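Engineer: Please find one structure pasted underneath; my questions will follow.
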Amino acid sequence: MTWLITGGAGYIGAHVVRAMTEAGERAVVYDDLSTGIAGRVPDEVPLVVGSTLDGERVERVLAEHEVTGVVHLAAKKQVGESVELPLHYYRENVEGLRVLLEAVTAAGVPSFVFSSSAAVYGMPDVDLVTEETPCAPMSPYGETKLAGEWLVRATGRATGLATASLRYFNVAGAASPELADVGVFNLIPMVFERLTENLPPRVFGDDYPTPDGSCVRDYIHVVDLAEAHVAAARALRSSPGRDLTLNIGRGEGVSVREMIDHINAITGYDRPPTVTPRRPGDPARVVASADRAATELAWKAKHDVQAMITSAWEGWVRLHPGAARG
Ligand code: WQD
């Protein structure tokens, strides 16, 4: 099979491309390079620069490369920015998906894997979030991912397109330093930045109803996440009408304070954090039940948070050589 991987030059997408090709699948990357980096795409994988909003272009690429499945990761993903620019997020994430699905169904491509997010759940008031936990997104970003799931599922029902929506929890780490996330939008890189600038890491609120008062999340190594895409893609093969919605997490909660302790130990900075007020909109605890993915895909995460932090740090030091200690 040949898989079109939209957003394949992005941080997560490049890991999916790597996992797919290592598993023996053929891949073609489709990316507008707005945040993607061409150098992340291996030489042997074709890179087509284009937007999913350009349906004619997508249709041509699907035909030219004889694409038999799509993994759709191309999207805007910053929660805060989505509050400022909701129309941009709806255009890129919902309209971009709608146009892509039109091209996919017109071309008769049978399988579609969609990159969704735990952001669809909003502030879940449960110990472990299952796929049945009600969705109540708190941001335009989360709304676009939920609307995307609806589009994908409805298209599958109407046309027989086999679909999987993968709800990512907190993605971290890298397969190699060159593939590391270059953005500083999440806890691990934000702590790296503070440490590198000789400032204490910040805990955004320590008065949450959690064991140590800081927020608890389910961190998942991007290599494990990429493997889940391979498993989902294969599960859809020859399964017309299949419709999967799966949490992709480890099912293990780690607090912000615990993460900062691990980061201090791994980087050698050993700098105690400072507590600042809560960041608006942060839920106290978001931890996946990963049971359904285990059952449906025979997939399970293998890497722990230490592996995520260690590999992310190697990527950080590559970009900031002065950061390394000792
Ligand atoms: C994790 C925890 C912060 C920085 C976001 C999106 C979500 C998904 C993943 C895309 C929170 C705390 C952070 C710092 C801190 N994205 N924190 N000090 O908010 O759980 O999830 O990214 O799909 O949709 O919302 O991730 O990494 O920003 O924060 O205390 O310097 O770390 O308050 O509790 P979040 P995050």
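The values are calculated or read from the model by the stated rules, or taken from the named source; none is laboratory data. These numbers come from a predicted model, not from an experiment. Heads up, the Cβs are rebuilt from the backbone with ideal geometry, glycines too, and the neighbour counts pull from every protein chain shown. Note: areas computed on protein heavy atoms with side chains; ligands, DNA, RNA excluded. Shrake-Rupley method; radii C 1.70, N 1.55, O 1.52, S 1.80 Å.
Engineer: Kindly report the accessible area of the chain per residue (heavy atoms of protein chains, probe 1.4 Å, no ligands, DNA or RNA), in Å². Provide the component values of the computation, followed by the final result.
Structural biologist: Values: 13950 Å² over 326 residues.
Accessible surface, normalised per residue, equals 43 Å².
Engineer: Further, regarding this structure: How big is the antiparallel share of DSSP beta bridges in the chain, given as a percent to the nearest 5?
Structural biologist: Antiparallel bridges make up about 5 percent of those DSSP assigns within the chain.
Engineer: Can you give the convex hull volume per residue for the Cα atoms of the stretch 1-94, as a whole number of Å³? Intermediate results must be reported in sequence, preceding the final value.
Structural biologist: Values: hull volume 8.2 nm³, N = 94.
Output value, Cα hull per residue: 87 Å³.
Engineer: In Å, what Rg and Dmax follow from the Cα atoms of the stretch 215-278?
Structural biologist: Just the Cα atoms of the stretch 215-278 yield Rg and Dmax of 17.8, 53 Å.
Engineer: Moving on to the next point. Does anyone have the angle between helix 55-64 and the longest principal axis of the chain? Alpha-carbon axes, 0 to 90°, nearest 10?
Structural biologist: Once rounded, the angle reads 70 degrees.
Engineer: Here's another thing I want to ask about it. Which length gain, in nm to one decimal place, applies between E84 and T2 when the Cα-Cα distance is subtracted from 0.36 nm times their residue separation?
Structural biologist: On the way: separation 82, 0.36 × 82 = 29.52 nm, distance 3.72 nm.
Length difference between fully extended and current span is 25.8 nm.
Engineer: With the cut-off at 1.5 for a/c, could you classify the stretch 244-285 from its C-alpha gyration tensor as rounded, prolate or oblate? Working shown, then result.
Structural biologist: Working: a/c = 3.62, a/b = 1.47, b/c = 2.46.
It is oblate, given that a/c is not under 1.5 and a/b is not larger than b/c.
Engineer: Could you give the length gained on full extension between E252 and R279, defined as 0.36 nm per residue of separation minus the Cα-Cα distance, in nm?
Structural biologist: Numbers: separation 27, 0.36 × 27 = 9.72 nm, distance 2.24 nm.
The E252-R279 span can extend by a further 7.5 nm.
Engineer: Return the tail of the calculated pair distribution for the stretch 52-201, meaning the percent of Cα-Cα pairs more than 25 Å apart. Please list the in-between numbers first.
Structural biologist: Working: 4461 of 11175 pairs.
Percentage above 25 Å: 40.
Engineer: Now for a different question. Show which aspartates and glutamates lie in cross-link reach of K300 when reach means a straight Cα distance below 15 angstrom and same-chain residues fewer than eight apart are skipped.
Structural biologist: Qualifying aspartates and glutamates at Cα under 15 Å: D218, D224, E227, E252, D291.
Engineer: In addition: What fraction of the Cα pairs in the stretch 1-46, stated in percent, has a spacing above 18 angstrom? Don't jump to the answer; show the numbers that get you there.
Structural biologist: Working: 133 of 1035 pairs.
The proportion of pairs with Cα distances above 18 Å equals 13 percent.
Engineer: Going from the alpha-carbon gyration tensor of the chain, what semi-axes, largest first and in whole Å, does one get by taking the root of 5 times each eigenvalue?
Structural biologist: Working: eigenvalues 211, 96, 63 Å².
Equivalent ellipsoid of the chain: 33, 22, 18 Å, largest first.
Engineer: Let me ask something else. If I compute solvent accessible area with a 1.4 Å probe over the protein chains, what percent of it on the stretch 1-123 is carbon and sulfur?
Structural biologist: Details: 2500 of 5020 Å².
Looking at the stretch 1-123 in its full context, I get 50 percent from C and S.
Engineer: Mind running the shape call on the stretch 171-248? Use the C-alpha gyration tensor, a ≥ b ≥ c as the square roots of the eigenvalues: rounded below 1.5 for a/c, prolate if a/b tops b/c, oblate otherwise. Can you show the working numbers first?
Structural biologist: Working: a/c = 4.37, a/b = 1.77, b/c = 2.47.
Judged from the Cα gyration tensor, the stretch 171-248 comes out oblate (a/c at least 1.5, b/c at or above a/b).
Engineer: What does the helix-only formula give at 222 nm for the chain: each DSSP H stretch with n ≥ 4 adding -39500 (n - 2.57), the total divided by the residues, and the result rounded to the nearest 500 deg cm²/dmol?
Structural biologist: On the way: 11 runs with 123 residues, N = 326.
Roughly -11500 deg cm²/dmol at 222 nm, from the helical runs in the chain.
Engineer: So if I place +1 on the C-beta of Lys and Arg and -1 on the C-beta of Asp and Glu, and nothing else carries charge, what would the dipole magnitude of the stretch 1-129 be about its Cα centre? I want it in debye, nearest 20. Numbers along the way, then the final one.
Structural biologist: Working: 9 positive and 18 negative charges, 8 e Å.
Dipole magnitude for the stretch 1-129 comes out near 40 debye.
Engineer: Compute the angle between helix 96-107 and the longest alpha-carbon principal axis of the chain, please, reported from 0 to 90 degrees and rounded to the nearest 10.
Structural biologist: 30
Engineer: What Kirkwood Rh does the stretch 153-201 have if only Cα atoms enter the pairwise 1/r average? Answer in Å. Don't skip to the end; give the middle numbers.
Structural biologist: Numbers: mean 1/r = 0.0710 Å⁻¹.
When all Cα pairs of the stretch 153-201 are included, the Kirkwood radius is 14.1 Å.
Engineer: When N counts the residues of the stretch 140-278, how does its alpha-carbon radius of gyration compare numerically with 2.2 N^0.38 Å, as a ratio?
Structural biologist: Numbers: Rg = 18.7 Å, N = 139, 2.2 N^0.38 = 14.3 Å.
For the stretch 140-278, the normalised Cα radius of gyration comes out at 1.30.
Engineer: Rounded to the nearest 10 degrees, what's the angle between the helix 140-159 long axis and the longest principal axis of the chain, both from Cα atoms, 0 to 90?
Structural biologist: 30
Engineer: What are the principal axis extents of the Cα atoms in the stretch 243-321, in Å, biggest first?
Structural biologist: Taking the Cα atoms of the stretch 243-321, the three principal extents are 45, 32, 19 Å.
Engineer: So, one more: Taking a virtual spin label 7 Å from the Cα of N198 along the C-beta vector, which residues in the stretch 226-269 bring their backbone nitrogen under 20 Å of it?
Structural biologist: 264-265, 267-269
Engineer: Also: Quick one: if the Förster radius is 30 Å, what FRET efficiency do A158 and E22 give, using the C-beta to C-beta distance and rounding to 0.05?
Structural biologist: On the way: r = 34 Å, r/R0 = 1.14.
Here the calculated transfer efficiency is 0.30.
Engineer: Under the rule a/c < 1.5 gives rounded, and otherwise a/b versus b/c splits prolate from oblate, where does the stretch 117-213 land using the Cα gyration tensor? The partial results should precede the final answer.
Structural biologist: Details: a/c = 2.88, a/b = 1.59, b/c = 1.81.
Oblate.
Engineer: Moving on. With each label point set 7 Å from Cα along the Cα-Cβ vector, what nm distance links T210 and S176?
Structural biologist: With each label placed 7 Å out from Cα toward Cβ, I get 3.4 nm.
Engineer: What full-extension length gain, to one decimal in nm, is calculated for R271 and A298 as 0.36 nm per residue of separation minus the Cα-Cα distance? Don't jump to the answer; show the numbers that get you there.
Structural biologist: Values: separation 27, 0.36 × 27 = 9.72 nm, distance 4.01 nm.
Gain in length upon complete extension: 5.7 nm.
Engineer: Now for a different question. Report the calculated FRET efficiency for R91 and I37 (r = Cβ-Cβ distance, R0 = 35 Å), to the nearest 0.05. Write out the running numbers ahead of the final one.
Structural biologist: On the way: r = 23 Å, r/R0 = 0.65.
Efficiency at R0 = 35 Å is approximately 0.95.
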